[in-house]
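Have a look at the structure below, then the notes.
Taken together, the values in this text are just the output of simple stated rules run on the coordinates, not laboratory data. Treat the numbers as computed from the prediction; the structure is a model and nothing was measured. Neighbour counts run over all protein chains shown; Cβ positions are idealised from the backbone, glycine included.
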Amino acid sequence: MTDTAQIAKPVRGCPSTMGDARQLNTTTLIRHAARTHPEQEIVYRTPGGGWDRYTYADCYARVRRSANALRALGVEPGDRVGVLDWNSRRHFELYWAIPGLGAVMLQMNLRLGHEDLGYVVGHSNASYVCVDESLLPVAEAIAAHAPQIKGWIVMTDKPLDQIETTLAPLLHYEDLLAAADAKIDWPEIEESSAYSACYTTGTTGRPKGVYYSHRAIYLHATVMATNLGMTLDDCAMFITPMFHGQSWGLPQAAVLMANKIVLPGRYVAEDTKPLTDAMIAEGVTVTNGAPAIFQPMLQYIKTMPVKPDFSRMRMLSGATEPPLSMMIGFHELTGAEVVHAYGATETTPLVAVNRLKSTLKKRLSKGDLWDLKRKQGLIVTGVDIRIVGVDGQDLPHDGHSAGEICLRGPWISAAYHDLPDSEERFLDGWWRSGDLGTLDENGYLKVTDRIKDVIKSGGEWISSIDMENLLMSHPAVREAAVIGIPHAKWQERPLALVVLEPGQEATLEQLHAHLARAFAKWQLPDQILFVESIPKTSVGKYDKKRMRAEHAQRYAE
């Protein structure tokens, strides 16, 4: 049974003598970092592809001017201000300026379709949108869905009269900052107020709004820094997009620890050379991203005559389970640790982090330890978890009993914004993840599948995730996705999509033999399609909804 503290009726004990009236605000993180570490560097990518840098003191001066500029436009506590930008210097400044006023920073996922993105802007009732010059066409495409917008603030190094756009009224970020006061009296914001909002990517229905409180992200930052072992000597690069899930909370954790920061701007998975080169040049020790980014980085590193020393590097990996071959490759070639983690938009997102217990290092073999690294990890302090069976009862933590992962905690969503018909996603204060998983006797979480992705064949379940990971352990396979396809006799049958390593070959029979180590003959995919790429969602996950739709009739006969 799950042992969890009751929260329905808090018990009032002896009053403390602490300053409990002081609120946990995001502003505290940046102003204290700039106060104590004004000389610390922030390195950022320029629009031309080069690199520049400034200090925490320089950044904080612009944050103050940015907040004053927004206040002068009439932005008030509770207002929503959208940001449509890459992982840039100006985006980083707005991470602090907008919430510092008590307003809500609307994270605009630029990989959403224009219709969904327009819905997000309309549903959130955003009043202003700050948009990078390179993304003006995206803003123009959604403007018709957002008639309530009072102004579009273009972020560029060019003067305003050189900007061509149909957006109106059009304002200029740098002009606004130049005219703004350099001093500010920050309000103390009720910590339960939303500091930012992010909308789920809407794989089912419209995107759902998750509104994060100041308290939630403040506490989340401390837990993330602790679990990654971050110190003042670290250098953090934000690879995960800052427009989704606050780049997994790494910006706040890095500022909490006054880390040197590297902002990579715009990049593409097809060319990770600039990211890798910057990591080496700037001494990055903490970063985050999906295997879709880390895999090409490893391929590039393999071509380097002298391999980088990443022995202090912790690479927080999410979105999909990192292939074991990738984790071993980074470790053997560079010394880097790929840290598997688990979370979601609704969880801010940190729920579990896979760091190896010292007690297990002493008694498990090297192979068993690597196999353990495939799991999503240990549940972080502050998060309660239940593994719930189909009958609604808690399942034992034996590493075998799989049920739905349900979560609650100070940074776990308890509702969606202005969406009254979403109660089915919440159970007595617990958020229902939609993931199937197990919790073993050592406390490690393993996600076995998405409930909607598990393959139901002949009355039995087949884990698409386990099959994908075993396929990707084959030396000829770079990527693999497994989906369930409708079948007249067996309800569903697995179909595998495989991307081969350059110059490698493989056959259905060879991959069947490889899978036979862990899967019964009846579980093997009837077909394996060798493809050039696998469709992915905006956050780097396999787009199985799209794949199922494209291949729905493949087993029709």
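Given R0 = 51 Å, the distance between the Cβ atoms of residue 461 and residue 161 translates into a calculated FRET efficiency of 0.25. Of the peptides 443-449, 238-244, the ranking by mean beta-carbon count within 10 Å, highest at the top, reads 238-244, 443-449.
Whole angstrom only: what separates the Cα centroid of segment 116-156 from the Cα centroid of segment 36-52? Cα centres, segment 116-156 to segment 36-52: 27 Å. Listed from fewest to most Cβ neighbours within 10 Å, the set 391, 175, 466, 132 follows the order 391, 175, 466, 132.
Residues 311, 124, 193, 317, arranged from fewest to most other Cβ atoms within 10 angstrom of their Cβ, appear as 311, 193, 124, 317. Here each label is just a point 7 Å from Cα along the line to Cβ, and for residue 39 and residue 520 those points are 6.7 nm apart.
Taking amide H atoms as placed 1.01 Å from N in the peptide plane, the amide H of residue 102 has no partner under 5 Å among residues 5 or more positions away or on other chains.
Between residue 401 and residue 299, the FRET efficiency estimated from the beta carbon spacing at R0 = 45 angstrom works out to 0.75. With an 8 Å Cα cut-off and a minimum separation of 6 or more residues, compute the relative contact order for segment 26-350 in percent. Once divided by the residue count of segment 26-350, the mean separation gives 17 percent.
Which of rounded, prolate, oblate describes segment 455-550, given a ≥ b ≥ c as roots of the alpha-carbon gyration tensor eigenvalues and a/c under 1.5 marking rounded, otherwise prolate only if a/b is larger than b/c? Since a/c reaches 1.5 but b/c is at least a/b, the shape of segment 455-550 is classed as oblate.
Measuring against 29 Å, Cα to Cα, the residue pairs 366/545; 446/536; 260/545; 357/452 contain 366/545; 260/545; 357/452 as the ones spanning a longer distance. Computed from the C-beta positions of residue 476 and residue 14, the FRET efficiency with R₀ = 56 Å rounds to 0.30. Relative protection proxy for 166-173, 318-325, from highest mean packing down: 318-325, 166-173 (other beta-carbon atoms within 10 angstrom). Compared with the alpha-carbon gap, the fully stretched path from residue 46 to residue 552 is longer by 177.7 nm at 0.36 nm per residue. Working note: 222 nm ellipticity from helices only, DSSP H runs with n ≥ 4, each -39,500 (n - 2.57), summed and divided by the residues of the chain, gives -8000 deg cm²/dmol to the nearest 500.
Extension gain for residue 527 to residue 488 (0.36 nm times residue separation, less C-alpha to C-alpha distance): 12.4 nm.
For segment 218-287, the pair-distance distribution built from all alpha carbon pairs, in bins 5 Å wide starting at 0, is 3, 18, 28, 24, 16, 8, 2, 0 percent.
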